[in-house]
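Asker: Attaching a single structure in structure tokens format; questions to follow.
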Amino acid sequence: MAIIDAPALLRGASLRVTRPRVAVLTMVAANPHSDAETIATAVRRELGSVSTQAVYDVLRALTDAGLVRRIEPAGSPARFETRVGDNHHHMVCRKCGSITDVNCVVGEAPCLHTEDLEGFEVDEAEVTFWGTCPSCLARDE
């Protein structure tokens, strides 16, 4: 469970510190790769009545500010994490949908170098590895 200083992070990103923003950012940090509905449920448990739209608005603001990264594995709702600023990738279990971070080379990101960019300037690459997680493999034995 990641412990963060959500108010300081929000101020550092020039965002107003509000209870919903603090709750959403704290929840995402503690539960990486959660979807918006899971985040909204947890925030409601903490704050009481918060609309789903408010949670989506906070997630958008946090993503735009670079505090949260949105990932979208195929066939899954968008997921959110606070691990930003590096070039890590993800491994997704085809059976249970669990997501695990996969490190890439920090510093130089080899997956950003391609032969033919066709005029594009690449600033990020998303690689998703698909397979079966250890828990699902153990259940199948």
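Asker: Once every DSSP H run of n ≥ 4 in the chain is given -39500 (n - 2.57) and the sum is divided by its residues, what mean residue ellipticity at 222 nm do you get, rounded to the nearest 500 deg cm²/dmol?
Answerer: So the helix-based figure for the chain works out to -10500 deg cm²/dmol.
Asker: Assuming 1.306 mPa s and 10 °C, estimate D for the chain with Stokes-Einstein, Rh taken as the Kirkwood radius over Cα pairs, in µm²/s.
Answerer: 95
Asker: In nm, give the distance between the simple-model label positions of SER135 and ASP57, each being 7 Å from the Cα along the Cα-to-Cβ direction.
Answerer: 3.4
Asker: Give the order of GLU46, GLU141 when sorted by the count of other beta carbons within 10 angstrom, beginning with the fewest.
Answerer: With the sparsest Cβ surroundings first, the list reads GLU141, GLU46.
Asker: Evaluate the Debye formula for segment 6-79 with equal point scatterers sitting on the alpha carbons, no solvent, and hand back log10 of I(q)/I(0) at q = 0.28 Å⁻¹, in q order, two decimals.
Answerer: -1.46
Asker: Explain nothing, just the number: relative contact order of the chain, from Cα pairs under 8 Å at least 6 residues apart, as a whole percent.
Answerer: 18
Asker: Where the only charges are on Cβ atoms (+1 Lys, Arg; -1 Asp, Glu), what is the dipole of the chain about its Cα centre, to the nearest 20 debye?
Answerer: About 1020 debye.
Every read-out reported here was derived from the displayed coordinates using simple, explicitly stated rules and does not represent laboratory data. The shown structure was predicted, so the numbers you read here are calculated from the model rather than taken from an experiment. Note: ideal-geometry Cβ built from the backbone for every residue, glycine included; neighbour counts use all protein chains shown.
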